[in-house]
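First up is the structure itself, then whatever we jot down about it.
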Amino acid sequence: MMEDLAMHILEILMNSIKAGASLITLKIRDSFNDDVIAFTIEDNGKGMDEEMVKKAADPFTTSRTTRRIGMGLAFMKGLAETCGGEFNIQSTPGKGTIVSASVQKLNIDTPELGNIGEMMMESVQSNEAIDYVLDYSTDYGQFVFDSRIIKEELAGVSLLEPEILIWIKEYINQGIEQAKEDTQQ
Ligand SMILES: Nc1ncnc2c1ncn2[C@@H]1O[C@H](COP(=O)(O)OP(=O)(O)OP(=O)(O)O)[C@@H](O)[C@H]1O
Ligand SMILES: [Mg+2]
């Protein structure tokens with residue numbers, strides 16, 4: 001699979017959006033010291049019951065009606081297992097879902113992290129009412145993006161304005177680069 005981690009994460013964010021979440025928190029821990037990229041996607045959507053959680057990462061499970069096979073979670077689970085990491089889903093009906101996955105940074109099968117800024121921009125673009133917290137940390141650096149704070153600063157200007165979307169993408173990518181540089185010092 002040639003897709004980067006950001007593309008896989010976007011699939012999981014799309015699940016949270018489909019589940020009716022109003023707040024999605026994406027945490028990424030990118031650590032050379034522990035040889036791991038670990039991420040969690042937490043939402044306050046409709047959640048899943050225990051039975052659904054058990055089979056959600058099965059490629060033949062989907063609540064879609066337009067396509068027979070649901071792949072987002074199955075791919076993420078497969079990727080984590082191939083790349084020496086772990087995969088887990090916790091969910092509570094009516095409360096929300098937490099999907100956690102990790103990969104070894106130095107595993108030969110681990111794809112690039114990819115363009116997180118662009119991925120977040122695409123997700124924001126799909127529904128500006130949903131709020132996002134992105135928390136990216138390295139061994140020594142951290143960057144946090146909170147769309148609620150951005151919205152407050154924009155005082156009514158839509159996030160969907162092209163300049164704002166591009167600003168979000170660049171702001172996030174710069175923050176991530178800075179957090180990476182902090183590691184190297
Ligand atoms: N965050 C979530 N909240 C509630 N239900 C979820 C969540 N994520 C996944 N699910 C449930 O698990 C099923 C499987 O998800 P998965 O992403 O693997 O496939 P899909 O979304 O159905 O299809 P695809 O991702 O290929 O469009 C979904 O159909 C949905 O019922
Ligand atoms: Mg999906």
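The values are calculated or read from the model by the stated rules, or taken from the named source; none is laboratory data. Remember, predicted model here, so these are calculated numbers, not experimental data. Cβ placement follows ideal geometry from the backbone for every residue including glycine, while neighbour counts extend to all protein chains displayed.
Some points to look at:
- Test set (1) surrounded by 15 or more Cβ atoms within 10 Å (Cβ to Cβ); (2) within 16 Å of ligand 2 (Cβ to nearest atom) - N107 fails condition number: (2)
- Filter result for I149 (of a type in the set (A, V, I, L, M), at pLDDT 95 or above and under 21 Å from L10 (Cα atoms)): no
- Only one entry in Y140, Y132 is of a type in the set (S, T, Y), touching a helix residue (DSSP H, G or I) at 6+ places or on another chain (Cβ under 9 Å) and surrounded by fewer than 18 Cβ atoms within 10 Å (Cβ to Cβ), namely Y140.
- Applying the condition of being within 19 Å of A74 (Cβ to Cβ) and in contact (Cβ under 8 Å) with a residue 60 or more places away in the chain to the range 34-57 and asking which residue is surrounded by the fewest Cβ atoms within 10 Å (Cβ to Cβ) yields T40.
- Subset of the range 8-24 (residues that are away from ligand 2 (no atom under 12 Å from the Cβ) and surrounded by fewer than 19 Cβ atoms within 10 Å (Cβ to Cβ)): G20, S22, L23
- Flag for S31 being out of contact with any strand residue (DSSP E or B) (no Cβ under 6 Å at 6 or more places or on another chain) and either within 30 Å of A179 (Cβ to Cβ) or surrounded by 19 or more Cβ atoms within 10 Å (Cβ to Cβ) (or both): yes
- Entirely in the range 77-185, the strands (runs of 3 or more DSSP E) that have 3 or more residues that are among the β-branched types (V, I, T): 96-103
- The set of residues in the range 29-45 being touching a helix residue (DSSP H, G or I) at 6+ places or on another chain (Cβ under 9 Å) and either assigned to a strand (DSSP E or B) or among the charged types (D, E, K, R) (or both) consists of D30, S31, I37, F39, I41, E42, D43.
- Of residues in the range 73-128 being away from ligand 1 (no atom under 16 Å from the Cβ) and among the acidic types (D, E), the one farthest from N173 (Cα to Cα): E86
- No other residue among K169, K180 is modelled with pLDDT under 95 and of a type in the set (K, R) apart from K180.
- Pairs are defined by a Cβ separation below 6 Å, a sequence spacing of at least 6 or placement on different chains, a first member in the range 13-28 that is outside any loop (DSSP other than H, G, I, E, B), and a second member that is near ligand 1 (Cβ under 7 Å from one of its atoms) and not charged (D, E, K, R); the pairs so defined are N15/G72; S16/G45; I24/S16.
- Taken together, the residues in the range 18-63 that are farther than 21 Å from D131 by Cα, more than 11 Å from ligand 1 (Cβ to nearest atom) and β-branched (V, I, T) amount to 2.
- Extreme residue, modelled with the highest pLDDT, among residues of the range 67-101 that are within 13 Å of ligand 2 (Cβ to nearest atom) and closer than 15 Å to I37 by Cβ: V99
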